[in-house]
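*Asks:* Please see the structure below; I have some questions.
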Amino acid sequence: MEIARNLMIILLTGILTENFVLSKFLGICPFLGVSKKLDSSIGMGAAVTFVMVCASLVTYPIYYGILVPLHIEYMNTIAFILVIAVFVQLVEMVLKKYMPPLYKSLGVYLPLITTNCAVLGVTLLNLTKEYDLLESVINSFGAGLGFMIAMVIFAGVRSRLERCDIPKALRGAPITLMAASIVSLAFIGFGGVVDGIFGG
Amino acid sequence: MSYMKEFTKGLIKENPSMVMLLGMCPTLAITTMASNGVGMGLSTTFVLVCSNIVISLLKKIIPDTVRLPAYIVIVAGFVTFVSLMLQAFLPDIYSSLGMYLSLITVNCIILGRAEMFASKNKVIPSILDGLGMGLGFTLTLVLVGSLREIFGSGQWFGITIMPEFLEPMTLFILPAGGFFVLGVVIAAVNRIMKKKPREIGCHNCPNKDGCPGACEKAENNGGEQ
């Protein structure tokens, strides 16, 4: 029971209070770049969640099985980014060959994910928080889900923005950032929700 | 004279984060204090200059098909070097930058310059380009960091400058304030330089040749279905 409660706290923290995009500023480029349409934001969110979960599954044994015994923990950035890059390529090839429908809906986003700081960020975060394998996976899943929710909400906000008459200097990036600021403000409201539910 | 141009273009005219709209994550994340901006900016500048040197030297050796992974590994190597150095000599900056220091590896400014400039030019122009772009990035970080620190905590580089009776607006050092201040700064730059409005997205991303066609597909995919 204690374990399940702990996992729920990690999951909800990742989705709501420590949302990757809106409070940790990871993965801003896809958040602002690919959130113009609802469909593509769902696709991107799902692809990121999938890669995040797999990346944390792969990097955990590499860190604790290879880097720690050899006392080269400082190599973690290099090792992780290589593993993520290789893994993304692998997933792309496997999906293309064996699951063409899934490749068609998720595959296009995969090359964008290699250099997405959210994926490297979540693997490094799992290390700094000293999560075990299960906790790492749950944390990555929560982070990915939070990313997807933020993208979907923001896609809705932006579809409204397109029909507005915006002052000339604010058109383009500035108004997008200001809209993101307001969405982020809404997420501040979740602060304390997790503690409230679990009586932490 | 042309060397001078390589250096100065990054400062204002092609400023990586205010004009090219690259490297948004660190620009938003660590700018709660001006001093963080200096630390992050200079670390990024160092990595950028070093990786530009190495990539421009190796441009004939690295095969075209695996160039992105090769660039990432070179960059990650220098990032590890910088973080070990900071950990040893400037532990305060190291702990306040935290994870974002490692994330310099995936900063799109560095990969963008590698792809756009260092892989096509000789060593000396590449050094100047890296230096200019890095200092331009530092300039933005310090500007955004100063605004957020002054309004959000009434201080500048840790020294209290706002009078007592003005309550600092904590909102500015919260994430929402980061988005807002950067939006205002970019709007001001657009207005002063009379730039055409630019959207953050793949169509003006200099890395778009790096991930062939993926961006456009991702952006247009929603419309086709």
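The values are calculated or read from the model by the stated rules, or taken from the named source; none is laboratory data. Not measured: the values here are computed from a predicted model. Neighbour counts run over all protein chains shown; Cβ positions are idealised from the backbone, glycine included. These accessible areas exclude ligands, DNA and RNA; they are computed on the full protein's heavy atoms, side chains included. Shrake-Rupley method; radii C 1.70, N 1.55, O 1.52, S 1.80 Å.
*Asks:* Translational diffusion coefficient of chain B at 10 °C, 1.306 mPa s, Stokes-Einstein with Kirkwood Rh over Cα pairs, in µm²/s as a whole number. Intermediate values should be presented prior to the final figure.
*Replies:* Numbers: Rh = 18.4 Å.
For the chosen part, D equals 86 µm²/s.
*Asks:* Explain nothing, just compute: Karplus ³J(HN,Hα) = 6.51 cos²θ - 1.76 cosθ + 1.60, θ = phi - 60°, for every residue of region A:52-62 in order, whole Hz, x for Gly and Pro.
*Replies:* Taking θ as phi minus 60°, the curve returns 4, 4, 5, 4, 6, 5, 7, 6, 4, x, 5 Hz for region A:52-62.
*Asks:* While we're here: Hydropathy at least -1.0 by Kyte-Doolittle, axial extent at least 24 angstrom from the Cα trace: which helices of chain B, defined as entire DSSP H runs, fit?
*Replies:* B:34-57, B:67-89, B:123-153, B:175-193
*Asks:* Given Cβ point charges of +1 (Lys, Arg) and -1 (Asp, Glu) and nothing else, what value in debye, to the nearest 20, does the dipole of region A:85-194 about its Cα centre take?
*Replies:* Numbers: 9 positive and 6 negative charges, 112 e Å.
Result for region A:85-194 is approximately 540 debye, rounded to the nearest 20.
*Asks:* Quick one: among B:Gly132, B:Gly145, B:Gly178, which has the greatest mean-square fluctuation in a GNM of chain B with alpha-carbon springs under 10 angstrom?
*Replies:* B:Gly178
*Asks:* Taking each residue of A:176-189 in turn, how many C-beta atoms of other protein chains fall within 10 Å of its C-beta, and what is the average?
*Replies:* Numbers: counts 7, 14, 9, 2, 9, 13, 3, 2, 8, 7, 1, 2, 4, 0.
Shielding by partners across A:176-189 averages 6.
*Asks:* If you take each beta carbon of peptide A:13-26 and count the beta carbons of other chains within 10 angstrom, what is the mean?
*Replies:* Values: counts 0, 0, 0, 0, 0, 0, 1, 0, 2, 3, 5, 6, 13, 7.
Mean inter-chain Cβ contacts per residue within 10 Å come to 3.
*Asks:* Per q in 0.08, 0.20 1/Å, what log10 I(q)/I(0) does a Debye calculation on the alpha-carbon atoms of region A:12-188 return?
*Replies:* -0.27, -1.29
*Asks:* Can you check what the Kirkwood hydrodynamic radius comes to for the protein assembly as shown, Cα pairs only, in Å to one decimal? Display every interim value, and only then the final one.
*Replies:* Working: mean 1/r = 0.0456 Å⁻¹.
This gives a value of 21.9 Å.
*Asks:* Further, regarding this structure: From the residues A:Gly189, B:Leu86, A:Pro174, which one has its Cα farthest along the dipole of the protein assembly as shown in the positive direction, the dipole being from +1 and -1 charges on Cβ of Lys/Arg and Asp/Glu about the Cα centre?
*Replies:* It is A:Pro174, whose Cα lies furthest towards the positive end.
*Asks:* Still on this structure, please answer the following. Given a 1.4 angstrom probe, I'd like the percentage of the accessible area of region A:12-188 that is carbon and sulfur, rounded to a whole number. Each step should come with its number before you reach the end.
*Replies:* Details: 5070 of 7300 Å².
After summing per-atom areas, the C and S share lands at 69 percent.
*Asks:* Region B:101-177: which GluC sites (Glu not before Pro) are DSSP loop and have at most 14 other beta-carbon atoms within 10 angstrom?
*Replies:* On the way: sites: B:Glu115, B:Glu149, B:Glu164; in loops: B:Glu164.
Sparse-neighbourhood loop GluC sites (Glu not before Pro): B:Glu164.
*Asks:* Using Cα springs under 10 Å in a Gaussian network model of chain A, which residue among A:Leu32, A:Leu106, A:Leu82 shows the largest mean-square fluctuation?
*Replies:* A:Leu82
*Asks:* Sorted by packing (mean other beta-carbon atoms within 10 Å per residue), highest first, where do A:10-19, B:16-25, B:77-86, A:162-171 land?
*Replies:* Details: A:10-19: 21.2, B:16-25: 24.4, B:77-86: 18.2, A:162-171: 11.6.
Output ranking for A:10-19, B:16-25, B:77-86, A:162-171: B:16-25, A:10-19, B:77-86, A:162-171.
*Asks:* Right, something else. Which far-off residues, 5 or more places away or on another chain, put their amide H under 5 Å from the one on B:Trp156, with H placed in the peptide plane?
*Replies:* B:Ile161
*Asks:* How well do other chains shield peptide A:30-43, expressed as the mean number of their Cβ atoms within 10 Å of each residue Cβ? Could the numbers behind the result be given before it?
*Replies:* Numbers: counts 4, 3, 6, 12, 7, 3, 7, 8, 1, 5, 9, 2, 1, 4.
What the average comes to for A:30-43 is 5.
*Asks:* Normalised by the residues of chain A, what does the relative contact order come to in percent, with Cα pairs under 8 Å and at least six apart? All intermediate terms of the calculation are to be shown ahead of the outcome.
*Replies:* Working: 203 pairs, mean separation 84.5, N = 200.
Taking the mean separation of contacting Cα pairs over the length of chain A, I get 42 percent.
*Asks:* Each label point is 7 Å from the Cα along the Cα-to-Cβ direction; what then is the distance between the points at B:Lys9 and A:Val193, in nm?
*Replies:* For B:Lys9 paired with A:Val193, the spin-label model returns 4.7 nm.
*Asks:* Please name which of A:Gly121, A:Thr77, A:Leu161 has its Cα lying farthest along the dipole of region A:12-188 towards the positive end, using unit charges on Cβ (Lys, Arg +1; Asp, Glu -1) and the Cα centre as origin.
*Replies:* The residue sitting farthest along the positive end of the dipole is A:Leu161.
*Asks:* Find the Cα radius of gyration of region B:1-125, compare it with 2.2 N^0.38 Å by division, and give the number to two decimals. Can you show the working numbers first?
*Replies:* Details: Rg = 14.7 Å, N = 125, 2.2 N^0.38 = 13.8 Å.
Working it through for region B:1-125, the quotient is 1.07.
*Asks:* With +1 on each Lys and Arg Cβ and -1 on each Asp and Glu Cβ, and nothing else charged, work out how big the dipole of chain A is about its Cα centre, in Debye to the nearest 20.
*Replies:* So the dipole magnitude of chain A works out to roughly 900 debye.
*Asks:* Also: Ordered by packing density, taken as the mean number of other Cβ atoms within 10 Å over each peptide's residues, highest first, how do A:146-156, B:5-15 rank? Before the final figure, lay out the partial values.
*Replies:* On the way: A:146-156: 21.6, B:5-15: 17.4.
Order by mean packing, descending: A:146-156, B:5-15.
*Asks:* Quick one: what are the phi-derived ³J(HN,Hα) couplings along region A:163-177, Karplus 6.51/-1.76/1.60 with θ = phi - 60°, whole Hz, x for glycine and proline?
*Replies:* 9, 8, 8, 9, x, 4, 5, 8, 4, x, 4, x, 5, 4, 5
*Asks:* If you don't mind, there's one more thing I want to ask. Give me the distance in nm between label points sitting 7 Å out from Cα along the Cα-to-Cβ direction at A:Lys104 and B:Val38, one decimal.
*Replies:* 5.7 nm
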